[in-house]
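K.L.:
I am attaching a structure below and will ask some questions about it afterwards.
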Amino acid sequence: MRILGAAVLAMEALVMGFAILIAMKTQSATALVVGSIIAISLLYSASLLKRKSGWIIASILQVVMLAYALIVPALIWIGIVFLVLWVLAIVVGRKGEAIRRELMENPPKKSE
């Protein structure tokens, strides 16, 4: 679950970097600083995924990234895709962890 989530957050940080480049031509310096803070926060939150609070912070950042689409309108569709990927990372990750936990508790028997 943590690996999938960290991958989504890292890719989002890269996309935010490109969004900042797009915003550089038409927006103020404040918009660029806000975009930079979001990108850095996305990268930092990937390291916080060991704790539940990291998942909460990263989920809030998903909404913040979508809100940045008010500054860079082209980001709305990409933000929606990443939001779906984030939800899938949580759902698929939980299933994977449940399977792993069950295998650890009941290892498969070797057939001879």
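The values are calculated or read from the model by the stated rules, or taken from the named source; none is laboratory data. This is a predicted model, so every value here is computed, not measured. Ideal geometry is used to build each Cβ from the backbone, glycine not excepted, and the neighbour counts take in all protein chains shown. When the accessible area is computed, the model is the full protein with side chains, heavy atoms only, and any ligands, DNA or RNA have been set aside. Shrake-Rupley method; radii C 1.70, N 1.55, O 1.52, S 1.80 Å.
K.L.:
Just read off the accessible area of Ile3 with the full protein assembly in place, 1.4 Å probe, to the nearest 10 Å².
P.N.:
Taking all protein chains as shown, Ile3 has close to 140 Å².
K.L.:
How large is the helix-only mean residue ellipticity at 222 nm for the chain, computed as the sum of -39500 (n - 2.57) over DSSP H runs with n ≥ 4, divided by its residue count, in deg cm²/dmol to the nearest 500?
P.N.:
-28500 deg cm²/dmol
K.L.:
For the chain, with all protein chains present and a 1.4 Å probe, just round the carbon and sulfur fraction of the accessible area to a whole percent.
P.N.:
Within the chain, the accessible surface is 72 percent carbon and sulfur.
K.L.:
Right, another one. Could you give the alpha-carbon Rg of region 1-62 over 2.2 N^0.38 Å, rounded to two decimals?
P.N.:
Cα-based Rg divided by the globular estimate yields 1.17.
K.L.:
For Cα pairs less than 8 Å apart in space and 6+ apart in sequence, what is the mean separation divided by the residue count of region 1-60, i.e. the relative contact order in percent?
P.N.:
About 40 percent, as a whole number.
K.L.:
Let me ask another. Taking the Cα centre of the chain as the origin and placing charges on Cβ (Lys, Arg +1; Asp, Glu -1), which of Leu43, Ile76, Leu4 is farthest toward the positive end of the dipole?
P.N.:
So the residue we want is Leu4.
K.L.:
What does the C-alpha gyration tensor say about the overall shape of region 26-95? Classify as rounded when a/c is under 1.5, otherwise prolate if a/b is larger than b/c, or oblate. Show your work: numbers first, answer last.
P.N.:
On the way: a/c = 3.45, a/b = 1.59, b/c = 2.16.
It is oblate, given that a/c is not under 1.5 and a/b is not larger than b/c.
K.L.:
Can I ask one more? Residues of region 1-106: accessible area per residue at 1.4 Å, in Å²?
P.N.:
Dividing the accessible area of region 1-106 by its residue count gives 64 Å².
K.L.:
Quick one: Karplus J couplings for region 40-54, per residue in order, coefficients 6.51, -1.76, 1.60, θ = phi - 60°, nearest Hz, x for Gly and Pro?
P.N.:
5, 5, 4, 5, 5, 5, 4, 7, 8, 6, 6, 10, 5, 4, x
K.L.:
Let me ask you something else. Work out, step by step, the length gained on full extension between Ile22 and Ile3: first 0.36 nm times the residue separation, then minus their alpha carbon distance; give nm to one decimal.
P.N.:
Fully extending the segment from Ile22 to Ile3 adds 3.9 nm.
K.L.:
Moving on to the next point. Projected onto the charge dipole of the chain (+1 at Lys/Arg Cβ, -1 at Asp/Glu Cβ, origin at the Cα centre), which of Val33, Leu85, Ile56 gives the Cα projection farthest towards the positive end?
P.N.:
Final value for the positive-end residue is Ile56.
K.L.:
How far is the Cα center of region 1-66 from the Cα center of region 91-110, in Å?
P.N.:
Their Cα centres are 31 Å away from one another.
K.L.:
Charges only on Cβ, +1 for Lys and Arg, -1 for Asp and Glu: so what's the dipole of region 41-112 about the Cα centre, in debye to the nearest 20?
P.N.:
So the dipole magnitude of region 41-112 works out to roughly 220 debye.
K.L.:
Can I ask one more? Keeping all protein chains in position, work out how much accessible area Leu14 exposes to a 1.4 Å probe, and write it in Å² to the nearest 10.
P.N.:
100 Å²
K.L.:
Continuing with this model, one more query. Suppose R0 equals 22 Å. What FRET efficiency, 1/(1 + (r/R0)^6) with r the Cβ-Cβ distance, do Tyr44 and Val92 give to the nearest 0.05?
P.N.:
Efficiency for this residue pair is about 0.40.
K.L.:
Let me ask you something else. What does the highest-first list of 98-104, 22-28, 35-41 look like by mean Cβ count within 10 Å? Walk me through the intermediate numbers first.
P.N.:
On the way: 98-104: 9.9, 22-28: 12.4, 35-41: 17.6.
The densest-packed peptide leads the list: 35-41, 22-28, 98-104.
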